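See below for the structure under consideration.
The values are calculated or read from the model by the stated rules, or taken from the named source; none is laboratory data. This one's a predicted model, so the numbers in the text were calculated from it and none came from an experiment. Counting neighbours? That spans all protein chains shown, and the Cβs are built from the backbone with ideal geometry, glycine included.
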Amino acid sequence: MTTSVGIEQLERSPATVIDRALEAAREMLGLDVVYARGLTTEGRARIGAYVGVPVITSHGEHGSLCALGMRADGPLGEREVSFLGVLAQLIGEQLERERQHQERLHFAFREALIAALEARDGYTGEHSQAVVDLAVAAGVRMGLGRNDLEDLETIALLHDVGKLGISDAVLRKPGPLDPAEWDEMRRHVIAGAEIVEAMPALSHLAPAIRASHERWDGTGYPDGLTGPEIPIASRIVFVCDAYNAMVSDRPYRSALGEDIARTELQRCAGSQFCPDSVEAVLEELRCS
């Protein structure tokens, strides 16, 4: 979308115009772009001196502190580098404290939700842990990085958390669900996403929770996402969820054999399930 800015607007709100221009430049260049005043001579940009130091946390570099000057012979030098280094260290330590605090919140929120889910429905709690173990192992086989694996673990644990809002009559019904009851059951992914989104430490996982029952061919719910539109964690969890459900006893049927369940995953790869996720899960099952 193109934004038109008139002369009167430009004169009234130069900061807003600059912010918009910087945002567009960052998006187009894929780089951080900043605006600095006082670094021009006779209408032309002039940078005579530059110093920069990295801001480092235990997860690696977080960014840089930089200083610019117009004169090539100073005033930037060892004094400025030393000062920026101390400041960068302080910033890195504060960022690390904040990260650790967020991780503690993340863990506390997650464990509280799991405890509530297990108290509500023992099968769902046990089922979620089984899905976690298989999903993380499959994620490793698919080459997911550490952060993605951590998110995958939490998504697998909480993929059914929306069932906290499902009525007992539906959740514990001993027989097959009728169409109206299925409609209620399908809403659990929306409810789960809303629960997770309300918690700052977990909110970034809400889209994957919502998409945990989307099918590769677009016939899933609630949004009818297809193929790569579905978050990769959701694709993995969906396969592991289906496998564990098939090999578990349910109120309305006995468990299927493992061979039957594996055959069903293979049969539905490319329609119901992401083919790569099925391959990783089956390979893990063969090796376990």
Quick check on segment 104-150: of everything there that is modelled with pLDDT under 75 and of a type in the set (Asp, Glu), which residue is farthest from the chain's Cα centre (by Cα)? ASP121
Given the conditions (1) surrounded by 11 or more Cβ atoms within 10 Å (Cβ to Cβ); (2) at pLDDT below 75, report the number of the one that GLU8 does not fulfil. (1)
Just to be sure I understand the filter: pairs with C-beta atoms under 9 Å, separated by 6 or more residues or on different chains, first member in segment 58-72 and assigned to a loop (DSSP other than H, G, I, E, B), second member of a type in the set (Val, Ile, Thr) and at pLDDT below 75. Which pairs pass? MET70/THR40; MET70/THR41; MET70/ILE47
Of the residues in segment 235-272, those that are outside any helix (DSSP H, G or I) and either of a type in the set (Asp, Glu) or within 17 Å of ALA137 (Cα to Cα) (or both) come to ASP249
